[in-house]
Amino acid sequence: MLLVSAAEPPSLRLLGTYSPLPEQNGVDFMWVGPEGEWYGCQRKRVDDLVASVRDDRIARELGQCESLARVILLVEGDWRWNQLGNSGRVRGWTRPQLDGLLLSIQAAGWWVMHTTGIADTAQTIQRIVAWSQ
């Protein structure tokens, strides 16, 4: 059973059952693996990922998920990088900043995947859950 945070849009809430557990564990989606271990998935649109860095939410979420066996960060959307390495989607954000952030997140034990949009995110979450089983 996939547990889904109430903060997710309706099309993603339809993937599972509402529960406060994901948010309490710093993720948006949670499910139990084949050996009883908990998995989690945190979804961030590109603009929300940068906002979560700027307001320290991502650091708090990293700390909240310590009880989970595996956490996957899904970065949703297109950064629209220009030739200078600046994002056309998020003002004041550069490719080196993103690289450093993703390396830091992976060093903390999270896996990172990218999706093109909300429909791709829904399909990717379903594939991740199926893979983990």
What accessible area per residue, rounded to a whole number of Å², is obtained for region 1-78 using a probe radius of 1.4 Å? 46
If you count only protein heavy atoms and use a 1.4 Å probe, how large is the accessible surface of TRP81, to the nearest 10 Å²? 70
Antiparallel as a % of all DSSP beta bridges within the chain, to the nearest 5? 35
Rounded to a whole %, the carbon-and-sulfur portion of the accessible area of region 29-133 at a 1.4 Å probe is 50
For region 1-77, what proportion of DSSP beta bridges, expressed in % and rounded to the nearest 5, is antiparallel? 40
Of GLN42, LEU68, LEU3, which is farthest on the positive side of the dipole of region 1-128, counting Cα position, with +1 on Lys and Arg Cβ, -1 on Asp and Glu Cβ, and the Cα centre as origin? GLN42
Considering Cα pairs under 8 angstrom that are at least six residues apart, work out the relative contact order of the chain and quote it in whole percent. 21
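The values are calculated or read from the model by the stated rules, or taken from the named source; none is laboratory data. In this text, all values refer to a predicted model and were calculated from it rather than measured experimentally. Cβ: placed from backbone, ideal geometry, glycine included. Neighbour counts: every protein chain shown. When the accessible area is computed, the model is the full protein with side chains, heavy atoms only, and any ligands, DNA or RNA have been set aside. Shrake-Rupley method; radii C 1.70, N 1.55, O 1.52, S 1.80 Å.
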